Amino acid sequence: MNEKSVDYRFKVLYAVAMIMVVCSHCYGGGVSVLLNDWFPYMGHHLALFAFGSGYFYKDSSENNSIRYIGKKIKTLIIPLYIYTIIYGLFVHIMRTKGFTIGGPFNFHNVVLAPLNDGHQFVYTTGGWFVVPLFLVEVYTVFVRKIVHKISKNVPEIVFLLISVVLGLVGNTLACNGFTFDWWVVLIRMLYFLPFYSFGIFYNRVLEKYDKLPSFWYFTILFIIRGAIIYYYGTNIAYIPSWCRDFTEGPVMPMIIGLLGIALWMRISTVMEPVLGKSKWINLIADNTYSIMMNQFLGFMFVKTLFAGLSKYAHIFQDFDWTSYKSDISWYFKPRSLEYSLIIYVVAGIAVSIIIQKIIDFVKARCCKLIKREVKI
């Protein structure tokens, strides 16, 4: 890719969103520098990815929608199933070692659960996001293709309003308890749809008007967020994996997500000249899929190190072996220090990137061998 075609604002945005996701999976990660006190991660971290994906949507995808969907299956769904099988076997093997984390390796958990659950083998928990994002992209390319065949001059605001209405329908279903079985697939998809559509709308319509000085921009955002906190008496956020906590109605989850997008899009724009080309930022931004899928293995790697030190070096004698083998959400913290959770965040990201680098190396080697054989 030509360096000029890279929008480094989104490198920063994706990296920050990914760090938020990892931190949210280990009780904040021992850091509070990402404005979590005012804008809790859970309310917008995945909405940022949906927004970014929408921002880069191209109308050319509609010229061959089947090919576009095939590409998405190749890059999103097939890797999801590969990771599901690998971690399913890993969980099965670990059961022989006394671990009870994760469900049984069976047809339901391997074939069906990745679509309407994503938590069945625990280690792949971050992968639940893949299917709703895929469905949003399929919906978008088909709807826009159909509408554009009727008229090429449909305003972007029409597509956005349709998505908002559908998003409200999905959130209403969630508010009314339709958060089980295959309903989950629908409500997850409809939850993300407005954020994806807003990415398209921002790129094509709104961005050219986004010129308010940052001081006033951030002031307005904090005033709005402060008003929401005051009105509800608490700093509300939502867990989109199940959409079961939409207790303030169908509108507020959308508002919270959009506020988070507005905040971090501007922060990413401001920080892009400083961080946009950082190799560390780009490492995270370019490996988000692997981090989604492998972060929990990184967490377990740290726990296993502590387990080894407890067993063989006779330190950390308060290490909880039962929780280690049965509860993925348990984290050993030396001297109960919350700050030590940062170790898990770093490991979750680092292990995931290493895994992806190994995969890339193997794929490159295989491609070279295949090309060599073809030439022979």
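None of the figures in this text is laboratory data; all of them are computed from the coordinates on show. Remember, predicted model here, so these are calculated numbers, not experimental data. Using ideal geometry, Cβ is built from the backbone for each residue, glycine included, and neighbour counts are taken over all protein chains shown.
Miscellaneous remarks
- The stretch 199-265 and the stretch 63-119 have Cα centres spaced 32 Å apart.
- Basic side chains Lys and Arg get +1 at the Cβ, acidic Asp and Glu get -1 at the Cβ, and with that the dipole of the chain about its Cα centre reaches some 1420 debye.
- Gaussian network model of the chain, Cα within-10 Å springs - most flexible of C366, C175, C23: C366
- Sorting 213-223, 38-48, 323-333 by their mean Cβ neighbour count within 10 Å, with the most densely packed peptide first, gives 38-48, 323-333, 213-223.
- Available extension along the chain between S5 and R365 is 126.8 nm, counting 0.36 nm per residue and deducting the alpha carbon span.
- Shape call, the stretch 1-133: gyration tensor on alpha carbons, a/c limit 1.5: oblate
- Reachable lysines, given that their alpha-carbon falls under 28 Å from the alpha-carbon of K208 and they are not under 8 places away in the same chain: K4, K11, K58, K145, K149, K152, K277
- Modelled label positions at F142 and Y232, each set 7 Å beyond Cα in the direction of Cβ, lie 3.3 nm from each other.
- Measuring nothing but how far apart in sequence close Cα pairs (under 8 Å, 6+ apart) lie, relative to its length, the stretch 18-172 scores a relative contact order of 18 percent.
- The stretch 35-279 - percent relative contact order, Cα under 8 Å, separation 6 or more: 30
- Helix-only [θ]222 nm of the chain, DSSP H runs n ≥ 4, -39500 (n - 2.57) each, per residue, nearest 500: -21000 deg cm²/dmol
- Shape class of the stretch 95-143 from the Cα gyration tensor (axes a ≥ b ≥ c, square roots of the eigenvalues): prolate, since a/c reaches 1.5 or more and a/b is larger than b/c.
- Ranking T96, N64, V165 by how far each Cα lies toward the positive end of the dipole of the chain (charges on Cβ) leaves N64 at the top.
- Legend: translational diffusion of the stretch 195-266 by Stokes-Einstein, Rh = Kirkwood radius over C-alpha pairs, 20 °C, 1.002 mPa s; D = 157 µm²/s.
- Highest mobility in the GNM of the chain, judged by mean-square fluctuation with C-alpha springs under 10 Å and restricted to M271, M18, M252, is found for M271.
- Basic side chains Lys and Arg get +1 at the Cβ, acidic Asp and Glu get -1 at the Cβ, and with that the dipole of the stretch 95-167 about its Cα centre reaches some 160 debye.
- The average projected area of the chain, computed from the convex hull of its Cα atoms over all directions, is 22.8 nm².
- Listed residues M265, M254, W38: farthest to the positive end of the dipole of the stretch 35-279 (Cβ charges): M265
- Cα gyration tensor shape for the stretch 76-171, rounded if a/c is under 1.5, else prolate or oblate: prolate
- In plain terms, the residue of W321, W264 with the fewest other Cβ atoms within 10 Å comes first and the most crowded comes last, giving W321, W264.
- Mean Kyte hydropathy of 0.0 or more with a Cα span along the axis of at least 15 Å, helices from DSSP in the chain: 8-24, 45-55, 78-95, 130-150, 156-175, 183-201, 214-232, 252-275, 288-312, 341-375
- Positive minus negative residues near L133 (Lys, Arg vs Asp, Glu; Cβ under 13 Å): +1
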